1. Taking 30 Å as R0, compute the FRET efficiency from the Cβ-Cβ separation of N46 and R77 and round it to 0.05.
2. Less than 14 Å Cβ to Cβ from N54, Lys/Arg counted +1 and Asp/Glu -1: what total charge do the surrounding residues give?
Amino acid sequence: MGFVTGGAEKLRAAEKIAKERKLRIWREYQENVSSGPTGLKGQSFNAITMEIVNGDALVVKSLADGSLKKIFLASIRAPR
C-alpha cells in the first residue's frame with residue numbers, strides 16, 4: 001500500500017481531477033444543482049409553515065409552486 005506525502009493540497013487536486021474526468025467513484029458525480037428553496041443560503045422565498053418538526057427543523061409549503069420543503073436551521077441547539 002502506498003502512502004501520500006506532501007499534505008492535503010495533493011489530495012484535493014487529485015479529487016478535483018477525478019471529479020472532472022468522472023473516474024471510479026466519481027463517475028456519476030454531479031455538481032450541486034439547486035432547484036427551489038433548498039440551497040438558498042442567504043436568500044429568501046415566500047412560504048407557509050406547515051409543521052414544526054423539532055427545535056431546528058420545520059416543513060414549509062412554497063407559495064410559488066406549492067411544494068413542501070423541510071428546512072433545517074443552522075447554529076440552533078435543539079432542546080433535549
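Quick note: the coordinates plus some simple rules give every number you see, no bench work behind them. Keep in mind it's a predicted model, so treat the numbers as computed, not measured. Note that we place each Cβ from the backbone using ideal geometry, even for glycine, and neighbour counts take in every protein chain shown.
1. On the way: r = 28 Å, r/R0 = 0.92.
That gives a FRET efficiency of 0.60.
2. Net charge around N54: +1.
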